[in-house]
Structure formats: C-alpha cells, structure tokens
Amino acid sequence: MTSVFYFHNGQTAHSIETLIKVLETLDEETFKYHCNKDKNDFYNWLSTGLNNAKAAEGIKAVKTKKTMLARLKQL
C-alpha cells in the first residue's frame with residue numbers, strides 16, 4: 001500500500017520523486033505550513049509513511065524549500 005502525502009493546498013505526493021515535483025512549484029506559504037519550527041510533516045512522512053529513515057534524516061533539520069529540494073534531489 002502506497003502512503004500519500006496530502007499538502008495543505010490539496011496537492012498530493014506518492015513518492016520522493018512526486019514530492020520533489022510538487023515542491024518545485026509549491027508556494028512558500030504552503031511549504032511553511034508543513035515545515036516550520038513546530039513541525040516537519042515532510043520528515044514525518046518520509047520516516048513513517050514511506051519508511052525511508054535515510055531520506056528522513058537527510059531533511060530532518062531543513063527549514064527552507066530550496067534546501068529541502070537540494071537534499072531530496074541528492075537521494
């Protein structure tokens with residue numbers, strides 16, 4: 001069963017590849033909704049939704065969309 005990430009704006013991602021595609025055009029407000037000082041939905045989804053601890057750890061401390069994209073593209 002595939003885990004789906006549901007963005008606040010209604011978009012979805014089903015894999016790291018689709019997460020990257022959505023992030024490339026995602027507005028900053030929606031990014032900040034999911035990734036801020038109080039939460040990191042992307043880390044949580046990679047860790048538990050996709051069961052990819054390596055990818056999750058790679059973006060755990062990231063708080064900007066630009067850095068998030070760079071890290072995800074390196075995986």
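A few comments on the model shown:
- Scan of region 3-29 for residues that are closer than 14 Å to Leu69 by Cβ, among the hydroxyl-bearing types (Ser, Thr, Tyr) and surrounded by 14 or more Cβ atoms within 10 Å (Cβ to Cβ), ordered by number: Thr18
- The set of residues in region 38-70 being charged (D, E, K, R) and closer than 15 Å to Leu26 by Cβ consists of Asp41, Lys63, Lys65, Lys66.
Here's the yes/no breakdown for (1) touching a residue at least 12 places away in the same chain (Cβ under 8 Å); (2) aliphatic (A, V, I, L, M); (3) outside any loop (DSSP other than H, G, I, E, B):
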site	(1), (2), (3)
Gly10	no, no, no
Ile20	yes, yes, yes
Lys32	no, no, yes
Tyr43	yes, no, yes
Ala56	yes, yes, yes
Lys63	yes, no, no
Met68	yes, yes, yes
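- When residues of region 54-74 are limited to those that are more than 16 Å from Ser15 (Cβ to Cβ) and touching a helix residue (DSSP H, G or I) at 6+ places or on another chain (Cβ under 6 Å), the one surrounded by the fewest Cβ atoms within 10 Å (Cβ to Cβ): Lys60
- The lone exception for Trp45 - which of (1) in contact with a helix residue (DSSP H, G or I) (Cβ under 7 Å, 6 or more places away or on another chain); (2) at pLDDT 95 or above; (3) of a type in the set (A, V, I, L, M, F, W, C) it fails: (1)
The values are calculated or read from the model by the stated rules, or taken from the named source; none is laboratory data. Computed from a prediction, not measured in an experiment: that's the story for all the values here. Backbone-built Cβ (ideal geometry, glycine too); neighbour counts: all protein chains shown.
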